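Undergrad: Got a structure here, written out as structure tokens. Questions coming.
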Amino acid sequence: MTKLLYLDDSYLKEFDAKVEEVNDKGIVLDRTAFYPVGGGLPSDTGFIEYSGERIRVREVIKQGGKVYHVVEKSDIPVGAIVKGIIDWDRRYRIMRLHTAAHVLSGLLYSMVGVLITGNAIRENRAHIDFSLEKTDRELFQKVIEEANKVISEGRKVKIYYMEREKVLQTPGMIKLAGRLPPNIPVFRIVEIERIDIQPDGGVHVANTKEIGEIELLKIQNKGRNRKRLHFTVKP
């Protein structure tokens, strides 16, 4: 099992680790701060440093309990001690967009009770699908305005863990339409003070002020009960 350092520290930019395995899938380390693709987020990119050389990490994939770092070459020996370096500017922008998505979904849930039916965060933009019956531009503009107000207030973003039974019993905790969270005993919870709380395994900023300003890009009708909000955060 690869220890996932980003779960408790999204701001970890560099780390030391031991090479556990090297194969055609990539390099497996005993611990990593690289976020693997999943949950609507792209994987981190960056470098692995070994013996004075920097090796580019193009993608990171999690399969079972192992995290594979896909590199340009893989001649690092098993047992080697290496340094991982996150492409921080890219990661931090993804963190800002991801926390912005939680602010938006939390506000829309409290305003009209809609759930999330899909999402995708990219390096420079993001979208969320909501279970709305009709395309309501006025509603989306209103939630963007309210989100930017909340962001400017500097609400804290807290990370902690909660047992599955309590998660399922807490109103408003589950915001994904049509499915329950995976069958695991303990969940990582992301809570934005007085705005949103939900199980989440991704990377986030620690305070909403770090998000900056959310900008509405466009709205799409993707079908029945699936209205898509495209947005970004200003540099």
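Values in this text are rule-based calculations from the coordinates and carry no lab data. Since this is a predicted model, take the numbers as computed values, not measurements. Glycine also receives a Cβ, built like all others from the backbone with ideal geometry; neighbour counts cover every protein chain displayed.
Undergrad: When only Cα pairs under 8 Å and 6 or more residues apart are kept, what is the percent relative contact order across the range 91-233?
TA: Relative contact order here is 35 percent.
Undergrad: Could I ask something else about it? By average Cβ neighbour count within 10 Å, what is the ranking of 141-153, 199-211 from highest down?
TA: 199-211, 141-153
Undergrad: What does the net charge come to around residue 197 if you take all other residues with beta carbon closer than 10 Å to its beta carbon, with K and R at +1 and D and E at -1?
TA: Around residue 197, the surrounding residues sum to -1.
Undergrad: Specify the residue with the greatest mean-square fluctuation among 178, 212, 79, computed from a Gaussian network of the chain linking alpha-carbon atoms under 10 Å apart.
TA: Among 178, 212, 79, the largest mean-square fluctuation in the Gaussian network model of the chain belongs to 178.
Undergrad: While we're here: Round to a whole angstrom and tell me the spacing of the C-alpha centers of the range 183-224 and the range 125-178.
TA: Computed from Cα coordinates, the inter-centre distance equals 6 Å.
Undergrad: What length, rounded to one decimal in nm, is gained on full extension from residue 226 through to residue 24, with 0.36 nm per residue of separation minus their alpha-carbon distance?
TA: 68.8 nm
Undergrad: Continuing with this model, one more query. So how much slack lies between residue 9 and residue 56, counting 0.36 nm per residue of separation and subtracting their Cα-Cα distance, in nm?
TA: Difference between extended and current length: 14.7 nm.
Undergrad: Could you work out the local net charge near residue 188, counting Lys and Arg as +1, Asp and Glu as -1, over the other residues with Cβ closer than 10 Å to its Cβ?
TA: -2
Undergrad: Relative to the longest principal axis of the C-alpha atoms of the chain, give the angle of the C-alpha long axis of helix 137-152, reported between 0 and 90° and rounded to the nearest 10°.
TA: For 137-152 against the chain, the angle is about 60 degrees.
Undergrad: So, one more: For the chain, find the longest principal axis of its Cα atoms and tell me its angle to the long axis of helix 88-112, 0 to 90°, nearest 10.
TA: Once rounded, the angle reads 30 degrees.
Undergrad: Return P(r) of the chain (all Cα-Cα pairs; 10 Å bins starting at 0; whole %; ordered from short to long distances).
TA: 8, 31, 32, 21, 8, 1
Undergrad: Sum up the charges of everything whose Cβ sits under 12 Å from the Cβ of residue 231, counting Lys and Arg as +1 and Asp and Glu as -1, but leave residue 231 out.
TA: +4
Undergrad: With the chain treated as a Gaussian network of Cα nodes joined by springs under 10 Å, which of 104, 12, 168 yields the largest mean-square fluctuation?
TA: 168
Undergrad: Let me ask something additional. Quickly estimate the mean residue ellipticity at 222 nm for the chain, helices only: each DSSP H run with n ≥ 4 gives -39500 (n - 2.57), and the total goes over all residues, rounded to 500.
TA: Here the helix-only value at 222 nm equals -6500 deg cm²/dmol.
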